[in-house]
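Following: one structure in structure tokens, then a few remarks.
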Amino acid sequence: MKLASGCDRRCSFCAIPSFRGSFISRRPSDVLSETRWLAEQGVREVMLVSENNTSYGKDLGDIRLLETLLPELAAVDGIERVRVSYLQPAEMRPDLIEVLTGTEKVAPYFDLSFQHSAPGVLRAMRRFGDTDSFLALLDSVRAKAPAAGARSNFIVGFPGETEEDVAELERFLSAARLDAVGVFGYSDEDGTEAAGYEAKHDPDVVAERLERISRLAEELTAQRAEERLGETVRVLVEDLGEEEGSDGPTGRAAHQAPETDGQVLLTGTSGRGPAVGRMVEAKVVATEGVDLVAEPLGTESEEATG
């Protein structure tokens, strides 16, 4: 569900502000009304999207409006989970972390737009931060919610990026314990500042760095999934797996956004298994890359009827 449109940030690689305009928040009453309507249609999870959710409310005179809105959305009858996407690390604040980690039915999920971790590259991107400050942010989240989900996207091969910068990004990724990572090779986008930068890399160099960091990210996210062995997760059932060749019902835990962060396969659900749209408590017993395999807790009849 759209929370806002446009963006006021001026990242040197991004053309979004040029064609979507300034950041404009939707009125909280409109967001709440749409959530109620969606719940009436059977929707169980609402995912809030915009170019920068941490800026929500600033144009309405209250930069902390998201902290107020999230508990109201979570309290809507029928809604089982509220998820927030696309958070700017430089705009994260303690009160927002508190709401995201401590509000029932609000997923402790942090889709943080890091993009890189080497200070020089970030400055060239017109962004802020570094490896240590980003790790400190993740530490502050996990101090409140150890099982919180965290994901991010990164650009490699940015103009002027050095081998030392790539090594710094590797240092960050190795320590960050992210659940999901997207890696993209830099390419010019019309109308952006970076398109006019010098020190562009040869496409072969960009491709090599993309492969290198992508391979590392795949290994690290699989390791992070293994860390969840033994955890109890709340799985929103999305598919009963009744097709031929299917392994069984699948869904998503709190740390897994739709389509991007993997899924959970529920085992031991022969007979009357859980219904689509149900939240199932399950224990993680195995992993397959970023995907989890989990056994529902309680009896099958309890899970099937809720």
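Overview of values
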| item | result |
| --- | --- |
| Sequence-distant residues sharing a close amide H with Leu112 (under 5 Å, placed H) | Leu87, Arg151 |
| Amide H contacts under 5 Å for Val293, placed H, 5+ residues apart | Leu265, Val285, Ala286, Thr287, Glu288 |
| For segment 92-99, 3J(HN,Hα) per residue [Karplus equation, 6.51 cos²θ - 1.76 cosθ + 1.60, θ = phi - 60°, Hz, x = Gly/Pro] | 5, 9, x, 5, 5, 4, 4, 5 |
| No Cys partner within the rule (Cβ under 4.7 Å), the chain | Cys7 |
| Relative compactness, segment 1-118, computed as alpha-carbon Rg over 2.2 N^0.38 Å | 1.06 |
| Spherically averaged projected area of segment 1-49 from its Cα convex hull (nm²) | 4.1 nm² |
| Phi-based couplings in Hz for segment 28-35 (Karplus 6.51, -1.76, 1.60; Gly and Pro marked x) | x, 4, 5, 5, 5, 5, 5, 5 |
| Karplus 3J(HN,Hα) series, Hz, for segment 218-233 with 6.51 cos²θ - 1.76 cosθ + 1.60 (x for Gly, Pro) | 5, 5, 6, 5, 5, 5, 5, 4, 5, 5, 8, 4, x, 6, 9, 10 |
| Which listed pairs, of Lys144/Lys283; Lys2/Lys144; Lys58/Lys105; Lys2/Lys105, have C-alpha distances above 29 Å, in listed order | none |
| 5 angstrom amide H check on Val106, placed H, neighbours 5+ away | Val82 |
| Alpha carbon Rg of the chain, scaled by the compact-globule rule 2.2 N^0.38 Å | 1.05 |
| Cα-derived Rg over Rh, computed across segment 87-221 with Rh taken as Kirkwood radius | 1.00 |
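The numbers here are math on the coordinates, done by the rules we state, and not lab data. These figures come from a predicted structure and were not determined experimentally. Cβ: placed from backbone, ideal geometry, glycine included. Neighbour counts: every protein chain shown.
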